[in-house]
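Trainee: Attaching a single structure in structure tokens format; questions to follow.
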Amino acid sequence: MLSDNIGREGSRLTFAGHDVTALAETYGTPLYLMDEGRIRRNCRMYLQAFRSSFGGDSLPLYASKAASFKQMYRIMAQEGMGVDTVSSGEIFTALSAGFPPERMVFHGNAKTDSDIRYAVSVGVGVFVVDNEEELLALNREAGQQGIKQKVLLRITPGIDPHTYDAVNTGMVDSKFGVAVETGQAKAFVAQAIGLENLLVRGVHCHVGSQVFEEDVFQRTVDIMVRFMAQIRDELGYTLRELNLGGGYGTRYLESEKEQDIPARIAEVAQRLREQCEKHAFPLPRVLMEPGRSIVADAGMTLYTVSSVKRIPGYKSYVAVDGGMTDNPRYALYGSRYTVYHAEKDGGTEAVFDLVGRCCESGDIIQPEVHLPENTCRGDHIAVCTTGAYNYSMASNYNRIPRPPVLMLTGEGEYLAVKRESLEDLCAFDL
Ligand SMILES: *Cc1c(COP(=O)(O)O)cnc(C)c1O
């Protein structure tokens, strides 16, 4: 099985120790399952690795765009994580769950005046400022509200992490941040430290997502520490915090290797010490922002088969009661997934395209999956590793209600997000 929270008892698939067919029958499908124990375990893995590699003042921040709903912020608060937010909506959701605003970081390359006003007014701890216009707007707003806002400045280190283009964010021509290579980053820092209502704590970078190449973060550290030393030497200002962004990859297929994240973090810390020594720069406080690697393998989506279509000489389809509305990731960037039949195991298999119910040929959850030949209407299908960027990217295309999120624990299960009703779909129609 793909992950140790997935199993089989006889032919029945289990997730976090629960029989998934029974859950599908009780709660209906499509259904997002989340393994709460796995989310907490992933948080603790980061917290421990940070403490031992970067020291006690370091902090992992959960990039909450990966899966944003109130219960997720409660879990993060309980575990002692910080959180990243990227919109007033995420900030509001976190606050509604009682998440402390001073442990929030506010991201985004196109924050509006109202986003900035709202985030300053509720006391969001740190802004990661993306560009000059935002810098000036934030300085103005902080002045109006009579505070000195802590900020990090988003820097583009010019690193290609060799992942998919749509999730690469650290290259010089990125829409995010200000580039070191062009000299603009230095000017950006110089401008920021001159603004009276801002307190520049450090710099931020995020090179991409689904990063597996071992030295990506080390190369990033080289560039960032060199840049921080340059700022000290040329501007006489010491940047105390270094946020290295998110991006550690998660295993989606049995053929992919497992990533030892604590070992990777230890290597990054080692490189940071070397670089700081080389530039005689004081060790900065380190932050990172894992999203996917906190929640992806805690998720699974269950569907019910609507039809099986065989086109002799061409291909076969299994169509289910969800699709790109609950998981747009294959349609967006060709993401790979592992798919299991929930009740049938062994026997002859066939190759099917697993497709959704939307009126788009591109509504493919996963092409060429192996499922039992006798798969038929009414069977349940499980798509694994859907904890990140599924619920948070879901839509109501074709007026399909969004599925609920069911949390699984050692004792039982509970709804963290309820299923949208048909009435909910019309809630804003006048
Ligand atoms: C998306 C994002 C993250 C999280 O990335 P993952 O690949 O989910 O770990 C972290 N930081 C920033 C700035 C992001 O945009």
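Trainee: Looking at MET1, VAL417, ILE381, which one has the Cα that reaches farthest to the positive end of the dipole of the chain (charges on Cβ: Lys, Arg +1; Asp, Glu -1)?
Mentor: Value: VAL417.
Trainee: Separate question: If you place +1 on the Cβ of every Lys and Arg and -1 on the Cβ of every Asp and Glu, how big does the dipole about the Cα centre of the stretch 262-373 come out, in debye to the nearest 20?
Mentor: I would put it at about 400 debye.
Trainee: Right, next: R0 = 60 Å: FRET efficiency of ARG8 with ARG140, Cβ-based, nearest 0.05?
Mentor: 0.50
Trainee: Taking all pairs of different Cα atoms in the stretch 1-111, averaging 1/r and flipping that mean, what Kirkwood radius in angstroms comes out?
Mentor: 15.9
Trainee: Using a Förster distance of 41 angstrom, determine the FRET efficiency expected from the C-beta separation of ASP57 and GLU133, and round it to 0.05.
Mentor: 0.80
Trainee: Take the Cα radius of gyration of the stretch 231-290 and divide it by 2.2 N^0.38 Å, with N its residue count; two decimals is plenty.
Mentor: Relative to the rule-of-thumb radius for its length, the stretch 231-290 sits at 1.48.
Trainee: Provide LEU2, LEU59 in ascending order of the number of other Cβ atoms located within 10 Å of each residue's Cβ, fewest first.
Mentor: By the 10 Å Cβ count, ascending: LEU2, LEU59.
Trainee: Evaluate E = 1/(1 + (r/R0)^6) for ARG336 and GLN191, where r is the Cβ-Cβ distance and R0 equals 56 Å; express this FRET efficiency to the nearest 0.05.
Mentor: Result of the calculation: an efficiency of 0.85.
Trainee: How big is the dipole moment of the stretch 333-430 about its Cα centre under a simple scheme where the beta carbon of each Lys and Arg is +1, that of each Asp and Glu is -1, and everything else is neutral? Debye, nearest 20, please.
Mentor: 180
Trainee: Please figure out what share of the DSSP beta bridges in the stretch 1-140 is antiparallel and state it in percent, rounded to the nearest 5.
Mentor: Counting DSSP beta bridges with both partners in the stretch 1-140, the antiparallel share is about 45 percent.
Trainee: Pick out which of GLY28, GLY291, GLY378 has the largest mean-square fluctuation in a Gaussian network model of the chain, springs linking Cα atoms closer than 10 Å.
Mentor: Answer for the Gaussian network model of the chain: GLY378.
Trainee: Let me ask something additional. Sorting THR21, THR338 on the 10 Å Cβ count, fewest up front, what's the list?
Mentor: THR21, THR338
Trainee: If you don't mind, there's one more thing I want to ask. Counting only residues 5 or more places away or on other chains, whose amide H sits under 5 Å from the amide H of ALA416 once H atoms are built in the peptide plane?
Mentor: VAL405, LEU406, MET407
Trainee: A further question on this structure: Counting only C-alpha contacts under 8 Å and six or more residues apart, can you give the relative contact order of the stretch 229-360 as a whole percent?
Mentor: It comes to 24 percent, rounded to a whole number.
Trainee: With a 10 Å cut-off between alpha carbons and a GNM built on the chain, which of VAL189, VAL122, VAL221 moves the most?
Mentor: Per the Cα network of the chain with a 10 Å cutoff, VAL122 tops the list.
Trainee: Quick one: compute the contact order of the stretch 169-218, relative version, from alpha carbon pairs under 8 angstrom and 6+ residues apart, as a percent.
Mentor: 36
Trainee: Over the chain, with a Gaussian network built from C-alpha contacts below 10 Å, which listed residue (LEU23, LEU61, LEU31) shows the highest mean-square fluctuation?
Mentor: Per the Cα network of the chain with a 10 Å cutoff, LEU23 tops the list.
Trainee: Also, I was wondering about something else. For labels at GLU274 and ASN374 in the simple 7 Å Cα→Cβ model, what's the distance in nm?
Mentor: That separation, rounded to one decimal, is 5.8 nm.
Trainee: Under a Cβ-only charge scheme (Lys and Arg +1, Asp and Glu -1), can you give me the dipole magnitude of the chain about the Cα centre, in debye to the nearest 20?
Mentor: 660
Trainee: Another question, if that's okay. Structure shown: which of LYS150/LYS186; LYS70/LYS148; LYS70/LYS150; LYS186/LYS278; LYS148/LYS278; LYS70/LYS418 lie over 22 Å apart, alpha-carbon to alpha-carbon?
Mentor: Those over the limit are LYS70/LYS148; LYS70/LYS150; LYS148/LYS278.
Trainee: Still on this structure: Enumerate the calculated ³J(HN,Hα) couplings along the stretch 237-248 in order (Karplus 6.51 cos²θ - 1.76 cosθ + 1.60, θ = phi - 60°), each rounded to whole Hz, writing x wherever the residue is Gly or Pro.
Mentor: Those phi angles translate into 10, 9, 7, 9, 10, 10, 9, 8, x, x, x, 4 Hz.
Trainee: Just grab the label-to-label distance for MET1 and GLN48, each label 7 Å out from Cα along the Cβ direction, in nm (one decimal).
Mentor: Each label point is offset 7 Å from its Cα along the Cβ direction, giving 2.2 nm.
Trainee: Share of antiparallel DSSP beta bridges in the chain, in percent to the nearest 5?
Mentor: 50
Trainee: A further question follows. Please state, to two decimals, what the Cα-based radius of gyration of the stretch 313-430 comes to when divided by 2.2 N^0.38 Å (N = residues).
Mentor: Normalised Cα radius of gyration, the stretch 313-430: 1.15.
Trainee: 222 nm [θ] for the chain, helices only, -39500 (n - 2.57) per DSSP H run of 4+, per residue, to 500?
Mentor: -9000 deg cm²/dmol
Trainee: Now for a different question. Divide the volume of the convex hull of the Cα atoms of the chain by its number of residues and quote the answer in cubic angstrom per residue.
Mentor: Enclosed volume per residue, from the Cα hull, is 149 Å³.
We did not get these values from a lab; they are worked out from the coordinates using the rules stated. Fair warning: this is a prediction, and the values are worked out from it, not measured in the lab. FYI the Cβ positions are ideal-geometry reconstructions off the backbone, even for glycines, and counts take in every protein chain you see.
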